[in-house]
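Asks: Take a look at this one; I'll ask things after.
The values are calculated or read from the model by the stated rules, or taken from the named source; none is laboratory data. Since we're looking at a predicted model, the values are computed, not measured. Note: ideal-geometry Cβ built from the backbone for every residue, glycine included; neighbour counts use all protein chains shown. We work out accessible area using only protein heavy atoms, side chains counted, and drop any ligands, DNA or RNA first. Shrake-Rupley method; radii C 1.70, N 1.55, O 1.52, S 1.80 Å.
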Amino acid sequence: MSRPANPVTVPLAGYSPQHFLLAVVEGVATVTLNRPERKNPLTFESYRELTDFFRACAFDDEVKSIVVTGAGGNFSSGGDVFEIIGPLVKMDTKGLTAFTRMTGDLVKAMRACPQPIVAAVEGICAGAGAIVAMASDMRLAASGAKVAFLFNKVGLAGCDMGACAILPRIIGQSRAAELLYTGRFMTAEEGERWGFFSRIVTSEQVLTQAQLLAKQVAEGPTFANTMTKRMLAMEWAMSVEEAIEAEAVAQALCMTTADFERAFEAFANKVKPVFRGD
C-alpha cells in the first residue's frame, strides 16, 4: 500500500483527481464519488486520494466550503468487496493495522480540513460511505436515502473510523448503538428525526440544495467559519468552563479580522456585508 506523498496539487480548481470528480465553483468544491455502476465504492487508491485532497484544502484559500456526493443516484456502498475486502483476508496483522489506520486518516483529514463540509446523500450510503457522511459537518438527504454502518454484517466491530466516538454525538448513544450492533439501514426520515440529516429534499434537489448551503457558508467570514469548525471539534474534550474560555479567545481573534469591521460598516450603512476572508 505504498504511494507517493500527497499527490494532490493546489490550486484545487486546476487539479484533476484520478479516483473522483472535482469541480470548484464560486468557492465551493464539489467532490463526486464516481463509480456509479458499483454504487461508488471506495478503494485503497480512492481512500488515499480523498485523504490527500482534504489535507490539501488547508492550503487553498480560494476553496471556502466543500460538498461531497455520489454519482448515479447513490452516495457510496462503502469499501469495495472485491478490491478491498478480498485482499484484507490475506493480510497479516501489520498490514491490516496499516489499512485501518489509513481509512481512519480520511476521517481525521475531513475533521482537520478548515472548510465546512456538506454531504449530499442519495440512495445507498453504507459502510465507509456512511462514515464519510458522518464525518461531514452537515448532511442533507434525498427522500429514499438509506444509511447503514455495515461493519457488523461482515463480522467486524462497529468501532470503525471513529464511528463509536462521532455517531453517538450526532444521534445519541442508544440510537448509535442500535445501528452499530445491528448494521441495519437508517431511513432518511429516521435520520432527519434523529439529527443525522438537517433536512430531506427530493433526489433532484439534494445536490443543488447542498451546494446552495455550501455557497451560503462560502459567502460568510472564512476565518470565523474555520474557527467555528475548530471549536466544534475541540470542545468535545473540554469541560463547559474550558470551552467558554476557549471560545472567548477564539472570538477575540475573530474580532481582529477585517471581516468583523466590514460587518459593522455594512450594518451601519444598512447593506449586506461582503466578506473577503481576512
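Asks: I want the antiparallel fraction of DSSP beta bridges within the chain, as a percent rounded to 5.
Replies: About 25 percent, rounded to the nearest 5.
Asks: For the chain, what's the relative contact order in percent, using C-alpha pairs closer than 8 Å and at least 6 residues apart?
Replies: Reported as a whole number, the value is 16 percent.
Asks: Obtain the nm distance between the two label points defined at GLN216 and LYS153 by a simple spin-label model: each point lies 7 Å from its Cα along the Cα-to-C-beta direction.
Replies: Once both label points are built, they end up 3.3 nm from each other.
Asks: Right, here's the next one. Which angle from 0 to 90°, rounded to the nearest 10, does the C-alpha axis of helix 93-112 make with the longest principal axis of the chain?
Replies: Approximately 20 degrees, to the nearest ten.
Asks: Quick one: among MET102, MET186, MET255, which has the greatest mean-square fluctuation in a GNM of the chain with alpha-carbon springs under 10 angstrom?
Replies: Between MET102, MET186, MET255, it is MET255 that shows the largest mean-square fluctuation.
Asks: In whole Å, what is the distance between the alpha-carbon centres of the stretch 24-63 and the stretch 230-278?
Replies: Taking the Cα centre of each part, the stretch 24-63 and the stretch 230-278 sit 28 Å apart.
Asks: Put a dot 7 Å past each Cα toward the Cβ at ALA268 and VAL249; how far apart are the dots in nm?
Replies: Each label point lies 7 Å from its Cα, and together they span 3.1 nm.
Asks: Relative to the longest principal axis of the chain, what angle (0 to 90°, nearest 10) does the C-alpha long axis of helix 44-56 take?
Replies: Between helix and principal axis, roughly 10 degrees.
Asks: What net charge do the residues around GLY162 carry, taking every other residue with its C-beta under 13 Å from that of GLY162, with Lys and Arg at +1 and Asp and Glu at -1?
Replies: +2
Asks: Now a separate question. Once both axes come from the Cα atoms, what is the angle between helix 240-254 and the longest principal axis of the chain, in degrees from 0 to 90, rounded to 10?
Replies: The two axes meet at around 60 degrees.
Asks: Restricting to DSSP loop positions (anything but H, G, I, E, B) with no more than 15 other Cβ atoms inside 10 Å of their own Cβ, which GluC sites (Glu not before Pro) remain in the stretch 157-260?
Replies: GLU204
Asks: Given (1) 50, 38, 38; (2) 64, 42, 40; (3) 102, 37, 32, which label gives Cα extents along the principal axes in Å as computed from the coordinates?
Replies: The value computed from this structure is option (2).
Asks: Oh, and also: Multiply the residue gap between ALA237 and THR202 by 0.36 nm, knock off their C-alpha separation, and tell me the result in nm, one decimal place.
Replies: Contour length minus the Cα-Cα distance gives 8.9 nm.
Asks: Right, next: What share of the DSSP beta bridges in the stretch 95-189 is antiparallel, in percent to the nearest 5?
Replies: If I count the DSSP bridges inside the stretch 95-189, around 20 percent turn out antiparallel.
Asks: Taking all protein chains as present, what is the carbon and sulfur share of the accessible area of the stretch 50-183, in % to the nearest whole number, probe 1.4 Å?
Replies: 57 percent
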